[in-house]
Amino acid sequence: MNILSIESSCDETAVALVADGRRVLTDQIASQVPLHRIYGGVVPEIASRKHMEVIYALADQALLASGLARSQIDAVAVTYAPGLIGAVLVGVNFAKAAALALGKPLIPVHHIRGHIAANYLAYPDLTPPFLCLVVSGGHTMFVDVEDYTKMTILGATLDDAAGESFDKVARVLGMPYPGGAALDAAARSGDPSKYVLPRPKPGENPLDMSFSGLKTAALNLIHHAEQVGETLDVPSLCAAFSQAVSDILDTRVRLALTRTGRKKLAAAGGVAANSVIRAALTRTAEELGTDLYLPPLKLCGDNAAMIGAQGYYEFLAGNLADMTLNAYATRSILGERL
Ligand code: KG4
Ligand code: ZN
């Protein structure tokens, strides 16, 4: 089954064609990152306008690259939530028009479910159940993936997402948006023990997390150094910060694995590209005898192939939409309104 898939929830316009939820025929991404960089973050109006400008041509390009004829498209999948509302709307409206014109089913896909499904593309043998650490720019949570469309949230951040805190610290250090990858690169030559940063204590639910205290501690350290004229060891601060985020995630990964008894651990989302976190998960999985699934870096960030992968399983579960499908800025991974 060939699914035309669309993703436009933030600052990447993406169109892919995916066969049977597992095989990427083509995965086209038009990144807007350079456009937003001068503002230090995504400007929602510019994002929507740019999605509008490129989506049609990108879809044409994807179809050409896939080698398929229009008649070989069996369904259209699209990110319908969560994201910047104007940006998500562009993808949803394009997908509705495409589904109507082709006379094919329309499949609404939750963006975070898509991130999790990136693992199905990277690992064709991976099947649920498994535990998934979701770490993106807007979400940080542990998801027990019981089946392709049946999931439970075991714990989540109580404040900032991990990616948000990476981006904020990177921005204050003068790194270009989105700073997570630049901070990760800088950390490689640093000494993580040079600066002491806090690890917030678990709250009522030990699988919940908090990153705002850690972020504030790092920002205070940077501002204090500026005020007293001290030269900051930027690579070491980046290493200490990455280590702290990784420790917060890793202690809970261990707990979640022992609690659930799951023998497979996957990671998903842009922050899953972080080298310190990947190394920690690799060690933990080895120690606990757990199979580890880490998507390659290009499948960690936003893309449309992951939407096509999850779209296939949503289709099999009968989760289809009609022409009344709307876009939502917020919506739980379980499909509930927030
Ligand atoms: O999943 P994603 O592409 O978009 C959302 O759905 O939010 O995640 C983007 C986030 C950004 O915060 C970005 O800075 C972060 O992923 N990121 C990283 C790394 N690469 C991307 N954070 C830490 N280390 C990285 N190597
Ligand atoms: Zn994302």
**OP:** Enter the Cα centre distance for the pair the stretch 14-44 and the stretch 145-159, rounded to the nearest angstrom.
**Re:** 24 Å
Original post:
When we measure straight from the Cα of Lys215, which aspartates and glutamates land under 18 angstrom away, once same-chain ones fewer than 8 places off are left out?
Top reply: Asp159, Asp160, Glu164, Asp167, Asp184, Glu226, Asp233, Asp247, Asp250
Subject >> Fraction of alpha-carbon pairs over 33 Å apart in the chain - percent >> reply: 27 percent
**OP:** Along Cα→Cβ, 7 Å out, is where each label goes; now give me the distance between the ones at Val172 and Ser189 in nm to one decimal.
**Re:** 2.3 nm
Subject >> GluC sites (Glu not before Pro), loop per DSSP, at most 11 other Cβ atoms within 10 Å - longest free stretch of the chain >> reply: 1-203
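Normalising by the residue count of the chain, find the relative contact order in percent from Cα pairs under 8 Å and 6+ residues apart.
Working: 746 pairs, mean separation 84.8, N = 338.
It rounds to 25 percent for the chain.
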Original post:
What is the gain in length, in nm to one decimal, between Thr127 and Ala69 on full extension, counting 0.36 nm per residue of separation less the C-alpha to C-alpha distance?
Top reply: 17.8 nm
Original post:
When the dipole is taken about the Cα centre of the chain, and only Lys, Arg (+1) and Asp, Glu (-1) are charged at their Cβ, what size is it in debye, to the nearest 20?
Top reply: 240 debye
**OP:** With a cut-off of 19 Å, note down the residues of the stretch 242-269 whose backbone N falls inside the zone around a label point 7 Å from the Cα of Arg37 toward its beta carbon.
**Re:** none
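For the stretch 1-136, what is the charge dipole size about the Cα centre, in debye to the nearest 20, if Lys and Arg each add +1 at the Cβ and Asp and Glu each add -1 at the Cβ? All intermediate terms of the calculation are to be shown ahead of the outcome.
Details: 9 positive and 10 negative charges, 30 e Å.
Once rounded to the nearest 20, the dipole reads 140 debye.
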**OP:** Just report the Cα centroid separation between the stretch 192-267 and the stretch 277-338, whole Å.
**Re:** 24 Å
Subject >> Span-rule helices in the chain, defined as complete DSSP H runs reaching 18 Å or more along the axis (Cα) with Kyte mean at least 1.0 >> reply: 85-102
Original post:
How much length is gained on full extension from Ile153 to Val196, taking 0.36 nm per residue of separation minus their Cα-Cα distance?
Top reply: 12.4 nm
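Which of Ile107, Ile153, Ile333 has the fewest other C-beta atoms within 10 Å, and how do the rest follow up to the most? Walk me through the intermediate numbers first.
On the way: Ile107 28, Ile153 14, Ile333 21.
So the ranking, lowest neighbour count to highest, is Ile153, Ile333, Ile107.
Which entries in the list Lys201/Lys298; Lys263/Lys298; Lys96/Lys263 go over 31 Å, if you measure between the two C-alpha atoms of each? Intermediate values should be presented prior to the final figure.
Numbers: Lys201/Lys298 33 Å; Lys263/Lys298 25 Å; Lys96/Lys263 39 Å.
Result: Lys201/Lys298; Lys96/Lys263 exceed 31 Å.
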**OP:** Principal axes first, then extents: for the Cα atoms of the stretch 125-299, list largest minus smallest coordinate on each axis, whole Å, largest first.
**Re:** 54, 34, 28
Original post:
Magnitude of the Cβ-charge dipole of the stretch 125-299, K/R +1 and D/E -1, about the Cα centre, nearest 20 debye?
Top reply: 200 debye
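Quick note: the coordinates plus some simple rules give every number you see, no bench work behind them. All figures in this text were calculated on a predicted structure; none of them were measured in a lab. Here Cβ is always computed from backbone atoms with ideal geometry, including for glycine, and neighbour counts include all displayed protein chains.
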